[in-house]
Amino acid sequence: MEEEIKIENIAEEPEKVPEEAAKKPKKSLKAELLDWGKTLILYCLLPLIIFQSLCFMASVPTGSMETTIPVGAQVFTTRTFNKDNIERGDIVVFDSEELGVVLIKRCLGLPGDTVAFDGAGKVYINGKRYYENYVSSFSDFAGEFVVPEDHYFFVGDNRANSLDARYWENPYIHKDDVKGKARFVLFPFSSFGALE
């Protein structure tokens, strides 16, 4: 006679929910949306506002700043709040009322400076020869400019191929039209790095 084997079904005990969780009421849809909204503002919108108020990206559509900044480069720029802090040699982003565009050029003349080009590629500032190791090409342009107070004189590093202050009807940019200083080339990656 075969031995009967009884299999007992043992029901598993339901998992115990901690008391705190059991007491916590479910959030309403309105409260859930409000939480999401706060998170979105804190982690997305606020950093974006801070970024936009302190810095911005500028692009270079022409070869006027080559080889310092290549055509099509994306440049990280910090906003300039004290416009009197611009120094000769700074790469500056500014509005050109004459051309109706935003430009990136190098500051060559400060308020009160006399900037002279000798037609053989040499530059003189206030009567003294000014050496520029960043210039990638020279032009035969000759002329002299006296920069008015509260204005700056901007030129491209690629002098032979730059439509800059030397050729504008009004060669001087007012300090109120300055937007910021170009700091880093972020793209293309082959030119990534700080600007000098």
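The values are calculated or read from the model by the stated rules, or taken from the named source; none is laboratory data. What you see is a predicted model, and the numbers here were worked out from it, not measured in a lab. A quick note on method: Cβ atoms are made from the backbone with ideal geometry, for glycine too, and the neighbour counts reach across all protein chains shown.
Values as computed for the structure displayed
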{"item": "Matching residues, region 143-171, being among the aromatic types (Phe, Trp, Tyr) and surrounded by fewer than 19 Cβ atoms within 10 Å (Cβ to Cβ)", "result": "145, 167, 168"}
{"item": "Options 135, 102, 115, 93; residue that is touching a helix residue (DSSP H, G or I) at 6+ places or on another chain (Cβ under 8 Å) and either modelled with pLDDT of 95 or more or not in a loop (DSSP other than H, G, I, E, B) (or both)", "result": "135"}
{"item": "Qualifying residue in region 90-104 (condition: farther than 30 Å from residue 188 by Cβ and either without any contact (Cβ under 8 Å) to a residue 12 or more places away in the chain or small (Gly, Ala, Ser) (or both))", "result": "no"}
{"item": "Test result for residue 108, under 23 Å from residue 180 (Cβ atoms), hydrophobic (A, V, I, L, M, F, W, C), outside any loop (DSSP other than H, G, I, E, B) and under 14 Å from the mean Cα position of the chain (by Cα)", "result": "no"}
{"item": "Whichever residue in region 172-196 is among the charged types (D, E, K, R) and either loosely packed, with under 15 Cβ neighbours inside 10 Å or out of contact with any helix residue (DSSP H, G or I) (no Cβ under 7 Å at 6 or more places or on another chain) (or both) and, among such residues, is farthest from residue 105 (Cα to Cα)", "result": "176"}
{"item": "Qualifying residue in region 63-86 (condition: part of a strand (DSSP E or B) and exposed (fewer than 13 other Cβ atoms within 10 Å of the Cβ))", "result": "no"}
